[in-house]
Amino acid sequence: MARRENQGYQIAVVSLLILWIMTTVGMFVFFNKYKTVFAQSEKDKADNQNSQQALRTAGEDIDKLKQWMGFEQSTSTAEIEKAAGADWERFAATLPQAQRNYRAALEQTAASLGDAQNNLRVSHEEVQSLKDRNEAREAAKDKQIAEHRAELDKTRTELADMRSKYDEARAGLEQQRDAAHQESQKTKTLLTSTQQEFDQHVSKSKQDVNFKNQEIKKRNEQIAELRGETPGVADGRIRKIDQHTGVVWINVGQADALRRQVTFSVYGLDNNGVARAKRKGAIEVTRVLGPHLAEARILEDKTDDPIVTGDEIYSPLWQPGRPERFALAGFFDIDGDDHSDRQIIQELVSMNGGIIDAELDDQGNETGAMTIETRFLVVGDEKENIVSKLGAIKARAQELGVEVLPMSKFLDHIGWKNTNKVLRFGSDQHRDFTAPIPDGGVRTSSGITTDHFRKRYPREAETKHPTSSAFDDAGSK
């Protein structure tokens, strides 16, 4: 029994020993771990203090920078960035993106301010120079005024002397009057011979003036020919024609600054290839197809002398590459109703790209002025209230070399034709706009269709577009 108690005691002692050893080892390990954690904690604490100190220093630096830049301490970075961007655009827009900062902006502003101050200094010097010159001029003016006053006093004295001498001379003239009367007969004879010589001189001067006017007229005609402004110089030619549809193609286009609705008169050629003076028809441009190609519809044609390929076209309202300039004068009555049709003439000029430099209206009022660039003076009827002014503007046109065109000739050149149609406002009279049926009772197409219909071309070029080389090879004017 005692042996068992000894064994139990031994086991207890061993167990306590083992527990003590484990406790000691655990405490040793815990103490070492504690020392490591404590040291790390102290280090972290020191690092935190350093970080907080650096943060406080950075905050103070940022506050100083904000103060230097003119911002409140409560201003956010986004607001500062937005304001800085606006400042770059305002004060440093010319600087490269990488160099945009307040220091560079201040340097640029200082340089600009220095230039402005230099300019201001130069301006002040110029102003002072002008002041000095003005003072010198005022002094010279005062001196001249004094001299003129002295001269006036001297003149008054001389006038008094002259009056005294005049009285003396008058007495002598009365004595000489009788002698002069005797000389009057001789003078009359001399005047008669002088008058005859004067009449001969006037007659010769008139002849010289007439000769000069003929020379001026001849020179103006030569200038007009050199400028290509006579009806004998064609603006282009007919390339192709489709009599069935009433469509023609001409050799002028985009390169010649041609526009739609320009009208041309058509002239045939004689056996020698020279354009005949008599107009044979008229066409109107409907489409510009290429550099030297355009499509036009026939406005007027003659059955006994139809428009054919090779005929020449001409319009006083259009010149290749530049607008024509006109002057209008007189009373314009196109349809014979005794009402002014001046607006129609103006619209015809404007529609064809022309420019009106000057006008003499129906009441005799003048607007604008003719120049050497003015090409035509279109003259209407002469009314009593504008006869004198109309003559003056014609004389001015002759001096400037401006060609004078009567209204009828002007309308003939541009191919205008009075349809005698009446527009009834406020009614539904659509027959006023219905095209007349040609002879034979068969309606024909005008050749103008919308884009909903298939495009058709001359039979010679059905497989080619009119802007193809087949037309371009025909040459330009």
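The values are calculated or read from the model by the stated rules, or taken from the named source; none is laboratory data. Quantities reported herein were computed from a predicted structural model and do not represent experimental measurements. Because the Cβ atoms are built from the backbone with ideal geometry, glycine has one as well, and the counts that use them run over all protein chains shown. Remember, those area values only see protein heavy atoms, side chains included, never the ligands or the DNA or RNA. Shrake-Rupley method; radii C 1.70, N 1.55, O 1.52, S 1.80 Å.
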task: Would you check if Gly353 is under 31 Å from the mean Cα position of the chain (by Cα), at positive phi, at pLDDT below 85 and open to solvent by 40 Å² or more (accessible area, probe 1.4 Å)?
output: no
Being touching a Ser or Thr at 6+ places or on another chain (Cβ under 8 Å) and among the hydroxyl-bearing types (Ser, Thr, Tyr) narrows Ser350, Ser315 down to just Ser315
* Asked: Thr23: farther than 30 Å from Tyr102 by Cβ, open to solvent by less than 70 Å² (accessible area, probe 1.4 Å) and either part of a helix (DSSP H, G or I) or acidic (Asp, Glu) (or both), yes or no?
  -> yes
His339 meets each of (1) part of a strand (DSSP E or B); (2) at pLDDT below 90; (3) open to solvent by 40 Å² or more (accessible area, probe 1.4 Å) with one exception, condition (1)
Of the residues in region 233-273, those that are more than 18 Å from Arg322 (Cβ to Cβ) and of a type in the set (Gly, Ala, Ser) come to Gly246, Ser265, Gly268, Gly273
Out of (1) of a type outside the set (D, E, K, R); (2) modelled with pLDDT of 80 or more; (3) open to solvent by 90 Å² or more (accessible area, probe 1.4 Å), the one Gln67 does not meet is (2)
Going through (1) modelled with pLDDT of 85 or more; (2) loosely packed, with under 10 Cβ neighbours inside 10 Å; (3) of a type outside the set (Ser, Thr, Tyr) one by one, Lys186 fails only at (1)
message: Among the residues in region 292-310, are any touching a helix residue (DSSP H, G or I) at 6+ places or on another chain (Cβ under 9 Å), among the aliphatic types (A, V, I, L, M), part of a strand (DSSP E or B) and buried (at least 18 other Cβ atoms within 10 Å of the Cβ)?
response: yes
| message | Suppose the filter is modelled with pLDDT under 85, outside any helix (DSSP H, G or I) and open to solvent by 50 Å² or more (accessible area, probe 1.4 Å); does Ala86 pass it? | response | no
All-but-one check, Ala327 against (1) aliphatic (A, V, I, L, M); (2) part of a strand (DSSP E or B); (3) under 23 Å from His244 (Cα atoms), failing number (3)
Residue match in region 43-66 (condition: touching a residue at least 24 places away in the same chain (Cβ under 8 Å) and either closer than 30 Å to Ser112 by Cβ or part of a loop (DSSP other than H, G, I, E, B) (or both))
no
Of the candidates Arg279, Arg325, the one satisfying the condition of being closer than 30 Å to Glu384 by Cα and surrounded by 16 or more Cβ atoms within 10 Å (Cβ to Cβ) is Arg325
Flagged in region 381-407 as under 31 Å from the mean Cα position of the chain (by Cα), in a helix (DSSP H, G or I) and over 15 Å from Glu359 (Cβ atoms), in numbering order, are Gln398, Glu399, Leu400
All-but-one check, Val378 against (1) β-branched (Val, Ile, Thr); (2) assigned to a helix (DSSP H, G or I); (3) touching a residue at least 40 places away in the same chain (Cβ under 8 Å), failing number (2)
Over region 356-391, the set of residues touching a strand residue (DSSP E or B) at 6+ places or on another chain (Cβ under 9 Å), hydrophobic (A, V, I, L, M, F, W, C) and open to solvent by 30 Å² or more (accessible area, probe 1.4 Å) is Ile356, Ala369
**Asked** Do the conditions hold for Ser129, that is, is it under 44 Å from the mean Cα position of the chain (by Cα), open to solvent by less than 80 Å² (accessible area, probe 1.4 Å) and hydroxyl-bearing (Ser, Thr, Tyr)?
**Response** yes
Could you tell me whether Gln73 is within 60 Å of the chain's Cα centre (by Cα) and not in a helix (DSSP H, G or I)?
yes
